[in-house]
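What follows is one structure encoded as structure tokens, with my remarks underneath.
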Amino acid sequence: MSVESPNASPVWFVTGCSTGFGRELARAVLARGWRCVASARNKASLDDLAPEAGERLLRVSLDVTDAAQIDAAVAAAQKQFGAIDVLVNNAGYGYQSSIEEGEEREIRAQFDANAFGLFALTRAVLPGMRARRKGHVINITSVAGLAGFPGSGYYAASKQAIKQYILVPKETKGHEGNGGAERKRGGGRQGARL
């Protein structure tokens, strides 16, 4: 178990690290010498991620739609590193369908992963950040949250939900540490600084 010290490198908690942006971000964090909690639904998909990182890398199983897994992953991160300094909500996926042909089960599953899972993980991490009065939450979203495209209405709606979710604290009086910046795939940025 690592012990947090004032000079310790920041701890990044990144979701959706099995492939793509999450995996590359985890590699970049580790390449800078920082500590990283890399998560994926299938922890085995992380076995080959930066073996040279040693104790600076904690691999965890995390399905962001599962509250028990969220609690376990956050607890493991806090046990290993003492704190989470940066949360990157990257996990999610796109469901393509015309509006009238969308299947209820698929629509709800996408919203659970893209929006409600992000909300739940953020709620689990924020108390520690608030207690330390520092931290960053970065939400990876999409330009589709600004303008949907044919066949992507439900995906666009899930990404717009994230955009609105992060903007509310920025406008709330008395809300500790707002930062309300945005970053979208394809341009822009979205996140909150505490």
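Laboratory data are not the source of any read-out in this text; all were calculated from the coordinates shown. If you're wondering where the values come from, they're calculated on a predicted model, not measured in any experiment. Neighbour counts run over all protein chains shown; Cβ positions are idealised from the backbone, glycine included.
Residues whose amide H falls under 5 Å from that of L87, counting only those 5 or more places apart or on a different chain, are F13, H136, V137, I138, with hydrogens built in the peptide plane. If the segment from A31 to K43 were pulled out straight at 0.36 nm per residue, it would be longer than the present Cα-Cα gap by 2.3 nm.
Sorting the segments 103-116, 41-54 by their mean number of nearby beta carbons within 10 angstrom, highest to lowest, gives 103-116, 41-54. The phi torsions of region 38-43, fed into the Karplus equation with coefficients 6.51, -1.76 and 1.60 and a -60° offset, translate into couplings of 9, 10, 7, 4, 10, 4 Hz, rounded to whole numbers, with Gly and Pro shown as x. In order along region 128-134, the Karplus-derived 3J(HN,Hα) couplings, from 6.51 cos²θ - 1.76 cosθ + 1.60 at θ = phi - 60°, round to x, 5, 5, 4, 8, 6, 7 Hz, and Gly and Pro are given as x. Sorted ascending by nearby beta carbons within 10 Å, beginning with the fewest, R27, R133 become R133, R27.
Each of V60, V137 has some number of other Cβ atoms within 10 Å of its Cβ, and from fewest to most they run V60, V137.
For R35, the residues whose modelled amide H falls within less than 5 Å of its own, excluding neighbours fewer than 5 places apart on the same chain, are W12. Each residue of region 85-90 was assigned a 3J(HN,Hα) from its phi angle through the Karplus expression (A = 6.51, B = -1.76, C = 1.60, θ = phi - 60°), giving 8, 9, 9, 10, 7, 10 Hz with x at Gly and Pro. Amide H contacts of Y95 (H built 1.01 Å from N, in plane; Pro and chain starts excluded): Y155 sit under 5 Å, all sequence-distant by 5 or more or on other chains. In terms of other Cβ atoms within 10 Å, I84, I138 run from fewest to most in the order I138, I84.
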